[in-house]
Amino acid sequence: MDLQHPCSTRETARNATRKAARKTMPSTTPLPAAVLDRMTRHTNRLNDDWKGRHIFEGAVPGPGAVLLSSNDYLGLAREPRILKVMADTLTSEGNSTLMSGAYLRGTHPQLRLENDLAGHLRAAGGILCQSGWAANTGLLQAVAAPGTPTYIDVLAHMSLWEGARLAGAEPHRFRHNDPAQLRRRIAASGPGVILVDSVYSTDGSVCPLPEIAAAAQETGCLLVVDESHALGTHGTLGEGLVSGLGLEDQVHFRTASLSKAFAGRAGLIACCDREFVDYYKLAAYPAIFSSALQPHDVAGLAETLCVVREAGRRRDRLAALSSYVRAELTAAGVGVGGSRSQIIALEGGSDLRTMELRDALERQGVFGSVFCPPATPRARSLVRLSLHAGLSDAEVERVVEVCRGVRGLLRRPGPPGGGGAA
């Protein structure tokens with residue numbers, strides 16, 4: 001699998017070019033003091049917390065490196081049949097849909113794909129958005145009003161928190177995967193909107209969806225589940241965790257980024273009421289003021305849906321190797337937190353210690369992704385390893401052995417907190 005790591009010699013060269021250009025550029029209107037102050041705080045973080053080296057500046061992967069920094073869980077980013085459909089569509093149609101998706105009518109391919117995706121998730125209706133972020137922020141704007149109580153798991157994706165903020169809703173956090181505290185919060189503040197992820201992107205833990213759904217039904221709350229890291233990987237046909245558990249009739253809305261297992265560029269909202277689709281497209285700002293998806297992206301996602309439904313062996317492989325890695329690391333005393341999925345979080349703690357952890361992994365050819373504030377709470381930075389179905393048995397064993405060797409750099413487990421990441 002040929003995945004490009006964020007740090008590359010090409011990017012280093014571009015940065016050097018930008019710095020040189022800035023030195024020769026003529027003076028411009030100065031930025032306001034308030035902006036400069038915020039930029040200075042970032043510079044201080046770079047110099048003080050990171051000792052002058054950017055936290056994302058890691059090594060360049062060499063031949064044979066094991067790349068675990070991508071969310072391409074099923075290995076579809078270079079699937080030939082998907083790429084061919086996209087290339088053919090780009091050649092024949094170009095970039096031809098440069099208007100809001102609210103204008104689309106009839107049998108337009110994007111509308112057909114929305115219906116196909118809704119059918120895949122066993123939902124009444126589907127809505128395609130520019131991204132998973134746009135799906136969550138737009139949905140919250142459409143279903144929550146100023147003052148609406150919004151109950152958010154502390155590890156829920158940041159886009160859910162931001163959606164609640166933009167809607168003017170009243171946020172109430174509850175402990176990660178704690179339905180009992182959720183019920184107490186609802187009893188104190190009244191019915192509202194519950195926001196959870198099915199698989200949490202920061203630590204790979206899995207939501208106790210039956211208990212959360214029961215709490216929503218019994219208290220009269222609307223339930224939104226972000227399925228970004230479960231769509232494609234969970235369920236018999238990759239329909240996600242909600243449908244995989246038979247809970248589609250108990251969840252009002254499901255959202256997802258299609259840049260994970262679907263390896264594309266779009267966001268999805270699956271809703272329990274078909275009439276909501278048209279309402280959303282004329283009520284949510286991301287829908288009104290963003291262009292529709294490009295034809296080649298729509299064609300690629302339509303073909304990806306077919307591949308995902310046929311990818312049972314890849315899902316089985318991913319589940320098996322993920323279970324094996326978690327078990328082996330746990331037995332070796334390497335904390336994997338609450339992970340029950342393909343996501344393994346190795347927590348370093350401070351930013352600097354996490355950089356040391358990342359460097360130790362990369363020296364032995366294992367490349368993950370560093371998460372730090374605001375993606376994690378302060379002093380809870382980590383390296384996330386995203387396992388994928390394309391790993392060989394030898395690569396799996398190598399990951400286990402390398403992780404065993406960095407045990408001394410891991411932070412002791414503590415209570416979870418903060419907001420989720422990408």
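Any read-out appearing in this document is the output of simple, stated calculations on the displayed coordinates, not a laboratory observation. Since we're looking at a predicted model, the values are computed, not measured. We place every Cβ from the backbone using ideal geometry, glycine too, and count neighbours over all the protein chains shown.
Observations
- A simple spin-label model places pseudo-atoms 7 Å from Cα toward Cβ; at ASP249 and LEU352 they are separated by 5.8 nm.
- Region 80-309 - share of DSSP beta bridges that are antiparallel (%, nearest 5): 45
- Radius 15 Å from Cβ of SER96, net charge of other residues (Lys, Arg +1; Asp, Glu -1): -3
- 3J(HN,Hα) from dihedral phi, region 140-156, Karplus parametrisation 6.51/-1.76/1.60, rounded to Hz, x for glycine, proline: 5, 5, 7, 10, 10, 10, x, x, 4, x, 10, 9, 10, 4, 4, 9, 4
- Kirkwood Rh in Å, taken over region 80-309 so that all alpha-carbon pairs contribute: 17.6
- Estimated distance in nm for a label pair at ARG45 and ALA394, the labels positioned 7 Å out from Cα along Cα-to-Cβ: 4.1
- Solution diffusion estimate, µm²/s, Stokes-Einstein, the chain, Kirkwood Rh from C-alpha pairs, 20 °C, viscosity 1.002 mPa s: 95
- Estimated distance in nm for a label pair at ARG407 and THR28, the labels positioned 7 Å out from Cα along Cα-to-Cβ: 5.2
- Within a Gaussian network of the chain (alpha carbon springs, distance under 10 Å), most fluctuating of GLY64, GLY244, GLY338: GLY64
- Max mean-square fluctuation residue, GNM over the chain, Cα-Cα springs under 10 Å, options GLY106, GLY368, GLY192: GLY106
- Annotation: the residues LEU195, LEU128, LEU237, sorted from fewest to most other C-beta atoms within 10 Å of their own C-beta, follow the order LEU237, LEU128, LEU195.
- For the chain, the mean residue ellipticity at 222 nm estimated from helices alone is -12500 deg cm²/dmol, where every DSSP H run of n ≥ 4 contributes -39500 (n - 2.57) and the total is divided by all residues, rounded to the nearest 500.
- Among GLY235, GLY300, GLY246, the largest mean-square fluctuation in a Gaussian network model of the chain (Cα springs under 10 Å) belongs to GLY246.
- Summary of the geometry: region 186-238 and region 251-301, compared by the centres of their Cα atoms, lie 19 Å apart.
- LEU31, LEU74, LEU391, LEU409 arranged by Cβ crowding within 10 Å, fewest neighbours leading: LEU31, LEU409, LEU391, LEU74
- Order of ASP226, ASP88, ASP72 under a 10 Å beta carbon neighbour criterion, fewest first: ASP88, ASP72, ASP226
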